[in-house]
Amino acid sequence: MTQLLQDPHSVREEREKVLEVAIGREVRAFRKQQGITVAELSKLTDLSIGMLSKIENGNTSPSLTTLQTLANALSVPLTAFFKGYEEKREALHTKAGQGLEIERAGTRAGHQYSLLGHIGSNSSGVIVEPYLITLSTESDTFKTFQHDGIEMIYMLEGKVDYLHGSEIYPLEPGDTLFFDADAPHGPERLVELPTRYLSVICYPQQKKG
């Protein structure tokens, strides 16, 4: 049995929701960005290593005077420490039948793509695009998709022989195919129509500048 590194159903400790943790994470991030050790920051601020450790771990509530001292030592504005706490977390709810109908590069006749949601630049550094794909009786078969990232297909209806690289995978309702999207992939043979499946594509967002 494969052991997951993260529990998808875990709930963060209550303390991780508070301001102290958000501030601590920003202090640590700015310190590491500048290549400064905790001991070096201690000398720059006259704060003890123990106190700095408590601040970075969110185990204490630093005063405004302490935060200003840290801001001066790290050459950042005081408000920078509150960025993570104020950051907006997005969620998109798409009702049935309301996905955005789009045309993707390489789209063939009879292939309907519904984009179920899209969140652009975000703190995770990852872009995720979920599609509901429907193949009708007029659908062409092809194997031209090839793009960056990881893709997951979950079959909802119908049957299809799906090509990935040099391998063909027979997919039917309930099946999942998870693969490196850099290899050529796409429906090779439409076995039972209509066919519907979820396609979730994940790739790193481009860095600015």
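Using the Karplus relation 6.51 cos²θ - 1.76 cosθ + 1.60 with θ = phi - 60°, the per-residue 3J(HN,Hα) values for the range 189-202 come to 9, 8, 7, 9, 10, x, 10, 10, 8, 8, 10, 10, 10, 10 Hz, with x marking Gly and Pro. For L163, the residues whose modelled amide H falls within less than 5 Å of its own, excluding neighbours fewer than 5 places apart on the same chain, are Y169, G186, E188. Around the amide H of Q34, modelled in the peptide plane, lies no amide H under 5 Å away from a residue 5 or more places distant or on another chain. With R₀ fixed at 22 Å, the C-beta to C-beta distance from C202 to I36 puts the FRET efficiency at about 0.05.
Bear in mind that the values in this text are calculations on the coordinates, not laboratory data. Note that the structure is predicted; figures quoted are calculated from it, not measured. Positions of Cβ are backbone-derived with ideal geometry, glycine not excepted, and every protein chain shown enters the neighbour counts.
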